[in-house]
Amino acid sequence: MQDARALTELSSIKSVSPVVTSNAVAAVHEGASHSIAQLVGTYPSYFEAMNKPVTAGTYFVNDDVRAARKVMVIGRTVAEALFGRTDPVGRSVSVSGVPFTVVGVLKESGSSGMQDGDDVAIAPLPAVQQSLTGFGSLGSIVVQATSAAATETAQAEVTTVLNQRHGVTSATEADYRILNQATLQETVSAATGTFTVLLGAVAAISLLVGGIGITNIMLVTVTERTREIGIRKAIGAPRSAILGQFLLEATLLSLVGGLSGVLVAFVGTRFTIAGIEPVLVPSSVVLALGVSVGIGLFFGSYPANRAAKLRPIQALRHE
């Protein structure tokens, strides 16, 4: 706590929020129970610093911190697990046997890595220390700079203050670690970009292999139906009719594959994988079906042209 108080004196710092956390905390409300993935004890400034707006109720305030009131703001996952469709604001939740009153519900944030970002509860720091964690060392200190431009300056000032307070003379001796959200965001963005490129490469190879498969299947179909094509041409079927028929068959074959993929994706959204809940985006479904049609037309064009160019006499002689 002394470190946190010292950081509040820095000119480039807007707010300082000391944080303690407790994981897998049992919560009960009228028979419904849920293990909260993370219970955070902190100050009201934490909500702004970590960009955690509420959609119902309100935040707790500094008076709640000073009085160590047992109030809390809960995430959407916790709200649905304990209250279902009922408005949780103003209701009591037993957290490890200690009653807390819900004053707000956080805006849904979704999954973060392997963790459900909505499976969280935030309460005043002293209340959490009294009830769960004790008054030992803080887990972390969240520091918000006065502006985005002041982030690097703030980090340098924080480093200087902590080095002085901890007697650190070199980076290798530091008994603390500073995580810059801007740097973390850049790292995550770079990793996401690389992952996207890899997925794109895998998808492109899959489409190529699938397209070649469609071409081979349609070539075999043309060979097996050579006499049929010859008979149709002999009775007056135009080249465009033959071409259209085989293009349609190739497109339908590709579209069936696309629909199968969409169906598998839909089934996959019913399950939570490693704490991540998949979401089926309508625009992605449309794109998948559109690409399927394009693949069918492109890779089916060669077999269709080959069928359309067959001469009736040669086709009728085919055994």
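Take the residues in region 282-317 that are small (Gly, Ala, Ser), at pLDDT below 90 and loosely packed, with under 14 Cβ neighbours inside 10 Å; name whichever of them is nearest to Thr221 (Cα to Cα). If we take residues in region 282-317 being small (Gly, Ala, Ser), at pLDDT below 90 and loosely packed, with under 14 Cβ neighbours inside 10 Å, then Ser284 is nearest to Thr221 (Cα to Cα).
Across region 236-274, the number of residues qualifying as polar (S, T, N, Q) and over 28 Å from the mean Cα position of the chain (by Cα) comes to 4.
Quick one: would you say Ala26 is part of a strand (DSSP E or B) and buried (at least 16 other Cβ atoms within 10 Å of the Cβ)? When the stated conditions are applied, Ala26 does not pass them.
Scan region 167-203 for residues that are outside any helix (DSSP H, G or I) and either aromatic (Phe, Trp, Tyr) or under 21 Å from Thr151 (Cβ atoms) (or both) and the total you get is 6.
Comparison of Tyr59, Tyr46 shows that the only residue that is surrounded by 19 or more Cβ atoms within 10 Å (Cβ to Cβ), assigned by TED's automatic domain parsing to the domain that holds Leu125, in contact with a strand residue (DSSP E or B) (Cβ under 7 Å, 6 or more places away or on another chain) and farther than 22 Å from Glu157 by Cβ is Tyr59. Residues in region 138-151 that are over 28 Å from the mean Cα position of the chain (by Cα) and within 8 Å of Val20 (Cα to Cα): Leu138 alone.
The values are calculated or read from the model by the stated rules, or taken from the named source; none is laboratory data. The structure presented is a predicted model; accordingly, all values stated were derived computationally and were not measured. Glycine also receives a Cβ, built like all others from the backbone with ideal geometry; neighbour counts cover every protein chain displayed.
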